[in-house]
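Enquirer: Below: one structure in structure tokens.
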Amino acid sequence: LGSAYNLWTYRLTDLTAHWSVFGVVNQWRKKHGLAPMRLMEVPYYHQNGQWIPTLNAYSAQLVPRCADWAAHVYITGFWELEQPTNWQAPPALLDFLETGEPPIYIGFGSMRDAEFRILAQITSQALAQTGQRGVLLGGWGGLGGESLGNHIFQINEAPHGWLFPHLKAAVHHGGIGTLAASLRAGLPTVVVPFLGDQPYWGRQVQKMRLGPAPILRKNLTRENLAQAIQQALQPEILQNARYMGEKLRQESGVQKAIEIITKMS
């Protein structure tokens, strides 16, 4: 709809984020003797007459830098959490991983759905139809919970950094954290978007030939998910995903962000 619409929605998004933390931030500022922010002012652009760096915490391997961006706008690479040192995989999960072909990850992170029971059945049936095994993470919404067959192992949570290297592909909602983890692990990815920016990331996965076209949650069926899984396991997509994983593992988004912030200060 044009550049004016793009600019307007960009500013509106900033204001919405600002309003959501307005009260908490002003409490913090008051505690430290700082002047309060104004409700209609987004104070994150300038400081002492200089532009404040904008850090985009994703990889330029997936979305290159736009040519018209100002010099203070950066792409740092994905920000990876440190892996927990005290997490132990349940013996039953280890047995499942060791007694067959590498499974496929199924999980929808923080998404909630009134029909998660049906969603779990759809994913189970699609895996069975394609002859694949799966590891299903319950996530915030409590996906699964009932018997879905011996070809699926259910677990409430597991660190992506530990789990994903044991798998062959991933099916998820396209949340940026899960997307980063699956691509870093070199997994072909099927994106089932629920909301927000998730459809965009699904289209980028398709564009980069790292997985099939995204399937909107409301349109998901056993048949189209089974077809998407089969497409994700094609040799070209498997090779592309492995190559992308190698490149992403060489990046350090957190370190680059630290360098930019340190240089500014």
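Enquirer: Given 178, 262, which one is surrounded by 17 or more Cβ atoms within 10 Å (Cβ to Cβ), in a helix (DSSP H, G or I) and of a type outside the set (Phe, Trp, Tyr)?
Expert: None of the others qualify; the one that does is 178.
Every residue, every condition in (1) within 23 Å of residue 154 (Cβ to Cβ); (2) under 16 Å from the mean Cα position of the chain (by Cα), yes or no:
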| site | (1), (2) |
| --- | --- |
| 60 | no, yes |
| 63 | no, yes |
| 74 | no, no |
| 79 | no, yes |
| 84 | yes, no |
| 88 | yes, no |
| 94 | yes, no |
| 103 | yes, no |
| 110 | yes, yes |
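Enquirer: Do we find that residue 224 is in a helix (DSSP H, G or I), out of contact with any helix residue (DSSP H, G or I) (no Cβ under 7 Å at 6 or more places or on another chain) and more than 17 Å from residue 242 (Cβ to Cβ) in this structure?
Expert: So residue 224 passes the test.
Enquirer: Continuing with this model, one more query. Pairs only if they're at least six apart or on different chains, beta carbon under 8 angstrom, first in the range 193-222 and touching a residue at least 60 places away in the same chain (Cβ under 8 Å), second open to solvent by 80 Å² or more (accessible area, probe 1.4 Å) and of a type outside the set (Gly, Ala, Ser); list them, first residue then second.
Expert: Here the result reads 222/125; 222/129, each pair linking the range 193-222 to a residue that is open to solvent by 80 Å² or more (accessible area, probe 1.4 Å) and of a type outside the set (Gly, Ala, Ser).
Enquirer: Hey, could you check the range 22-56 for residues that are touching a residue at least 12 places away in the same chain (Cβ under 8 Å), open to solvent by 40 Å² or more (accessible area, probe 1.4 Å) and in contact with a helix residue (DSSP H, G or I) (Cβ under 7 Å, 6 or more places away or on another chain) and say which is farthest from residue 183 (Cα to Cα)?
Expert: It comes out as 39.
Enquirer: Same structure, new question: Residues of the range 181-206 being buried (at least 24 other Cβ atoms within 10 Å of the Cβ), more than 12 Å from residue 161 (Cα to Cα) and hydroxyl-bearing (Ser, Thr, Tyr), which ones?
Expert: Once the filter is applied, which keeps residues that are buried (at least 24 other Cβ atoms within 10 Å of the Cβ), more than 12 Å from residue 161 (Cα to Cα) and hydroxyl-bearing (Ser, Thr, Tyr), the range 181-206 yields only 189.
Enquirer: Sort out for me the helices (runs of 4 or more DSSP H) sitting completely within the range 80-171 that have 2 or more residues that are open to solvent by 70 Å² or more (accessible area, probe 1.4 Å) and either modelled with pLDDT of 85 or more or not aliphatic (A, V, I, L, M) (or both).
Expert: 91-98, 116-130
Enquirer: Shifting gears a bit: Restricting to the range 58-78, name every residue that is closer than 21 Å to residue 264 by Cα, surrounded by 13 or more Cβ atoms within 10 Å (Cβ to Cβ) and touching a strand residue (DSSP E or B) at 6+ places or on another chain (Cβ under 9 Å). Give the derivation first.
Expert: Going residue by residue through the range 58-78, those that are closer than 21 Å to residue 264 by Cα are 58, 65, 69-78.
Now drop any that are not surrounded by 13 or more Cβ atoms within 10 Å (Cβ to Cβ), which leaves 58, 72-78.
58, 72, 73, 74, 75, 76 - these are the residues of the range 58-78 that are closer than 21 Å to residue 264 by Cα, surrounded by 13 or more Cβ atoms within 10 Å (Cβ to Cβ) and touching a strand residue (DSSP E or B) at 6+ places or on another chain (Cβ under 9 Å).
The values are calculated or read from the model by the stated rules, or taken from the named source; none is laboratory data. None of these values were measured; they are calculated from a predicted model. Please note: Cβ atoms are built from the backbone with ideal geometry, for glycine as well, and neighbour counts cover all protein chains shown. Accessible surface areas use protein heavy atoms only, side chains included; no ligands, DNA or RNA. Shrake-Rupley method; radii C 1.70, N 1.55, O 1.52, S 1.80 Å.
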